[in-house]
Every structure is written in structure tokens, then in C-alpha cells.
1. Shape call for segment 224-294 from the C-alpha gyration tensor, a ≥ b ≥ c root eigenvalues: rounded (a/c under 1.5), prolate (a/b greater than b/c) or oblate?
2. Remind me, relative contact order of segment 160-222 in percent, using alpha carbon pairs under 8 angstrom and six or more residues apart?
3. Please report the net charge: other residues with Cβ closer than 15 Å to the Cβ of Y80, K and R +1, D and E -1.
4. Using all C-alpha to C-alpha distances in segment 112-231, build P(r) with 10 Å bins and read off the rounded percent in each one.
5. What size of dipole, in debye to the nearest 20, comes out for segment 15-145 about its Cα centre when the only charges are +1 on Lys and Arg C-beta atoms and -1 on Asp and Glu C-beta atoms?
6. Using 0.36 nm times the number of residues separating K133 and D149, minus their current alpha carbon distance, what extension gain do you get?
7. Using only the alpha-carbon atoms, what does segment 160-222 span along each of its principal axes? Please give whole angstrom values in decreasing order.
8. Among S12, T228, V79, whose Cα lies farthest out toward the positive end of the dipole of the chain, if unit charges sit on the beta carbon of Lys, Arg (+1) and Asp, Glu (-1)?
Amino acid sequence: MEILTSDKYLGSWSYSTYKEWADEAKQAGHKWWVDGIPVSANLHNFVLEIKAKRPQIRLRVDRRPACHIEIDFNNSYRVYNSVGITFPDTPDRSVGFVSHSDDTYQVQHDSITNEKYADYNDGYHIRKSKDIKKMVKVAMQYLKPLGFDKIMEDNERTLEHALASVRDPARSKLRSKLSVNTDDIATEIAHMIATGYVPTTPQFKEAIDVMASEGAELRRLRDYKPRTCFVWAKQNSLMYKYGDSSEPAVEVTNMNDVPEHIRDKLALLNIAEERSAIPDVGVRVSSSVFWIFV
């Protein structure tokens with residue numbers, strides 16, 4: 001079995017760490033691999049049965065290899081007994097996990113509720129059984145591609161942070177320039193009464209200069225709340241939906257069918273730093289997910 005190259009690897013663990021573990025398993029002659037990942041024999045069978053029914057799934061390395069296999073009394077290596085499940089349109093996140101542990105096949109998904117456990121316990125979101133056929137059915141029930149609305153919902157917090165990153169510097173600058181101590185205020189008032197108004201304190205002069213040159217834009221950004229559009233670039237299509245729309249997302253397969261004002265801003269965001277908001281343009285959440293400021 002060939003070890004994954006860095007461009008094919010998916011997982012939250014670093015590629016170098018995965019490769020170190022995989023190299024050890026390969027050198028030890030480990031027999032059971034799925035898509036470049038060394039796994040336990042039972043997990044190998046479980047994953048293959050799932051892939052036979054849903055061949056488009058891909059595997060992610062989001063957990064440590066917790067299954068120890070002894071070579072001899074002094075030597076052992078580790079393989080994975082749990083892998084994340086993802087799909088081609090969302091390779092950057094696992095939709096759930098499949099595992100083999102404590103002699104049971106297991107499926108973990110956020111929508112599973114196991115009342116034997118408290119809701120803060122990992123077991124609360126796990127179904128398990130010694131019956132592999134039963135657990136394959138559970139995997140088919142829960143481990144499905146994510147829909148547009150779920151992707152959009154999961155990224156609403158990123159939108160909030162992006163808008164805050166636009167508003168906060170403006171609010172801070174306005175606050176710093178307009179927060180003047182009482183002695184300076186008293187001095188200015190006295191001066192205003194005595195003469196025509198010409199600032200005498202550096203703080204007032206700086207505040208006036210800032211407000212003259214940047215005041216309108218700072219006030220605009222302080223309360224920035226643009227209309228938004230969520231965009232998901234899938235493998236073979238693109239979906240978008242305006243944040244204030246109750247209509248289903250629009251899906252297109254030709255970029256010419258994307259509204260020009262969205263298309264132009266996507267072109268800018270494709271070369272922008274991830275999660276760094278650009279006023280009046282948007283924020284690039286990842287290589288396939290964007291919020292457009294319409």
C-alpha cells in the first residue's frame with residue numbers, strides 16, 4: 001500500500017505526523033490499509049463495507065492511531081481504529097467517525113443521541129454494536145454529504161467575526177480620538193467663548209483632523225452591516241444564497257450564470273487571506289466557502 005502524498009492527505013493531524021505513523025506500519029509489514037491509512041483489521045472490514053454502499057466517501061485522519069500491534073516483546077507500532085468520514089465537496093471537515101473499539105463497531109455523528117450518556121460525553125453521539133451489518137446501516141443513515149444550508153449555518157459565526165473585524169477598528173479609532181479629558185474640554189470651551197473657534201489642544205486638533213479626513217468612512221464602518229451572500233464552491237458546481245433570502249440556494253454549473261457582482265468579488269477573495277474580511281468585498285472562509293458582502 002502506498003502512503004498518501006501531502007496533496008492527497010486529509011486530516012487535522014499534521015501530514016508529517018501521519019507519515020511517521022504510516023511509515024512505521026509499512027515497515028512492520030502491516031496488512032490492513034484503506035486509502036493509504038493503516039487501520040485495524042476490524043475497522044478495515046467495516047470501512048470497506050461502508051464504501052461498497054457509498055463509494056464516494058473519503059477518509060480523514062482526525063484522531064491518533066490508538067490500536068497498538070506488537071511485533072515482538074520490545075517492539076510495536078500503532079494503527080488507526082477510528083477514521084473521519086468526509087465527501088469530495090467538503091474535504092476540510094469530517095461529517096462523522098467510524099471506529100472499532102471494545103469489540104464493537106461504532107458510528108459517531110452529532111445527530112445521534114445515546115441516552116446512556118450525559119450530553120457532554122462523547123458516547124452521547126455514538127451508536128455501537130458487535131453486528132457489523134447493523135452498524136453499516138447506521139452509517140448509511142447518518143454519514144451523508146452535508147447540504148448547503150448546513151454549511152451556511154456552520155459558517156455564520158465566521159461571518160459575525162468578519163463583520164466585527166471591520167467594525168471594531170473604526171469604533172476603536174473613533175473612541176480614541178473623541179475621548180477627550182475634562183481639562184481639555186474645559187480649556188476648549190473657554191477658548192470657544194473668548195474667540196472664534198480654533199483648536200488649542202493637540203487632542204482636539206487631532207480629533208478634528210481625523211474626523212475631517214476619515215470621519216464619514218469611520219462612521220460607516222462602525223455600523224457596517226452589509227447584505228450578505230453565502231457561496232459554496234463544490235467540485236462540479238457552485239451554490240449561493242443571500243443571507244436575507246427565504247428561497248432555496250441557487251446552484252449553477254457555469255460561472256457565467258453567477259451574478260456579476262458576486263463573480264467579481266469571488267475573483268478578489270480567491271487570492272485573499274483566509275478569514276480576513278475585506279470591507280465591501282467579503283471574507284474567504286476556506287478554498288471553497290465564502291461570505292460575499294453585497
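What follows draws every value from the coordinates through simple rules; no lab data is involved. All figures in this text were calculated on a predicted structure; none of them were measured in a lab. Here Cβ is always computed from backbone atoms with ideal geometry, including for glycine, and neighbour counts include all displayed protein chains.
1. Here segment 224-294 falls in the oblate category.
2. Result for segment 160-222 is 55 percent.
3. Once positives and negatives cancel, what remains is +3.
4. 10, 21, 18, 14, 12, 11, 9, 5, 2, 0
5. Numbers: 20 positive and 17 negative charges, 110 e Å.
For this selection, approximately 540 debye.
6. Values: separation 16, 0.36 × 16 = 5.76 nm, distance 3.10 nm.
Result: 2.7 nm gained on full extension.
7. 48, 21, 15
8. About the Cα centre, the residue reaching furthest to the positive side is V79.
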